[in-house]
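Shown below is the structure under consideration.
The values are calculated or read from the model by the stated rules, or taken from the named source; none is laboratory data. Everything numeric in this text was worked out from a predicted model, so none of it was measured. Don't worry about glycine lacking a Cβ; one is built from the backbone with ideal geometry, like all the others, and counts go over all protein chains shown.
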Amino acid sequence: MLEPLRRFIGMRIAQFRFRKSRERVISFTHLLPSAGTVLVILPLSPEEAGDHANVLSLFRTHFPPENLTVLTPAPRERIERLLPRSRVIAIAPDESSLFYIPRQVVLDRVHARQYDIAVDLNLDFMLPSAYICRESNARVRVGRTGPHADTFFNFQVRLDQSAQKGDAYGRLVQCLQMFFAEEGI
């Protein structure tokens with residue numbers, strides 16, 4: 001019963017926090033291939049833990065593993081085995097406030113590195129991951145279209161509601177691949 005109210009208050013807090021920031025006009029065509037560091041936010045809810053390996057594979061192909069940071073729900077051992085030279089940040093369920101805003105300790109771990117690209121892989125809007133994506137200060141913040149997506153993402157991918165989760169990640173990879181292919185990378 002209080003869940004929608006908590007989400008609403010959390011969204012208002014996030015909108016207030018980012019109200020004065022203005023987006024620069026950037027060229028995605030040249031920015032993605034020339035990017036140096038990437039933050040990939042894996043789905044935070046267990047229901048969404050789908051086949052996102054193709055997205056990780058795309059970034060592993062185009063970036064050195066030490067330039068890839070993955071934010072994952074705890075525990076993180078599976079991702080560390082998959083990406084042994086990449087940086088892995090685990091977020092526990094209790095590391096978000098009552099209103100779904102990530103705690104400062106999580107943001108400090110994210111701020112330890114600067115990112116050129118941040119990608120939120122949650123197919124449903126999740127305030128903690130969207131907030132982390134925005135707070136990462138990445139030049140390109142990729143997320144799914146939605147009612148509040150403009151507050152957090154400057155590159156939005158429209159995914160079909162009826163699509164399977166694996167198909168949605170495949171479409172995201174196809175969309176991002178267009179920009180990498182543009183430069184012949």
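Taking segment 99-154 only, how many residues are of a type in the set (D, E) and over 24 Å from L58 (Cα atoms)?
Initial filter on segment 99-154 (of a type in the set (D, E)): 108, 116, 120, 124, 135, 150.
Then drop every residue that is not over 24 Å from L58 (Cα atoms), which leaves 108, 150.
Summing the residues that are of a type in the set (D, E) and over 24 Å from L58 (Cα atoms) in segment 99-154 gives 2.
In the set S34, S27, S57, S45, which member is modelled with pLDDT under 90, closer than 21 Å to R109 by Cα and either basic (K, R) or surrounded by fewer than 20 Cβ atoms within 10 Å (Cβ to Cβ) (or both)? Talk me through it step by step, then tell me what you get.
Working: S34 fails: closer than 21 Å to R109 by Cα; S27 fails: closer than 21 Å to R109 by Cα; S57 fails: closer than 21 Å to R109 by Cα.
Only one candidate passes the filter, namely S45.
Restricting to segment 75-110, and then to whatever is out of contact with any strand residue (DSSP E or B) (no Cβ under 7 Å at 6 or more places or on another chain) and hydroxyl-bearing (S, T, Y), can you tell me which residue is surrounded by the fewest Cβ atoms within 10 Å (Cβ to Cβ)? Step through it out loud before you land on a result.
Our first condition is that a residue be out of contact with any strand residue (DSSP E or B) (no Cβ under 7 Å at 6 or more places or on another chain); within segment 75-110, this holds for 77-78, 81-82, 84-85, 92-94, 97-101, 104-105, 107-108.
Applying the additional criterion that residues be hydroxyl-bearing (S, T, Y) yields 97, 100.
Numbers: S97: 15, Y100: 20.
Among residues in segment 75-110 that are out of contact with any strand residue (DSSP E or B) (no Cβ under 7 Å at 6 or more places or on another chain) and hydroxyl-bearing (S, T, Y), the one surrounded by the fewest Cβ atoms within 10 Å (Cβ to Cβ) is S97.
Okay, next question. Restricting the first residue to segment 57-82 and requiring it to be under 18 Å from N122 (Cβ atoms), which pairs with a second residue that is among the basic types (K, R) and modelled with pLDDT of 90 or more meet a Cβ separation below 7 Å and a spacing of at least six or different chains?
Once the first residue is under 18 Å from N122 (Cβ atoms) and sits in segment 57-82, its partners that are among the basic types (K, R) and modelled with pLDDT of 90 or more give T69/R87; T69/R113.
Kindly indicate which of R113, R134 is surrounded by 13 or more Cβ atoms within 10 Å (Cβ to Cβ), in a loop (DSSP other than H, G, I, E, B), out of contact with any Leu (no Cβ under 7 Å at 6 or more places or on another chain) and at pLDDT 85 or above.
Working: R134 fails: in a loop (DSSP other than H, G, I, E, B).
Unique residue meeting the criteria: R113.
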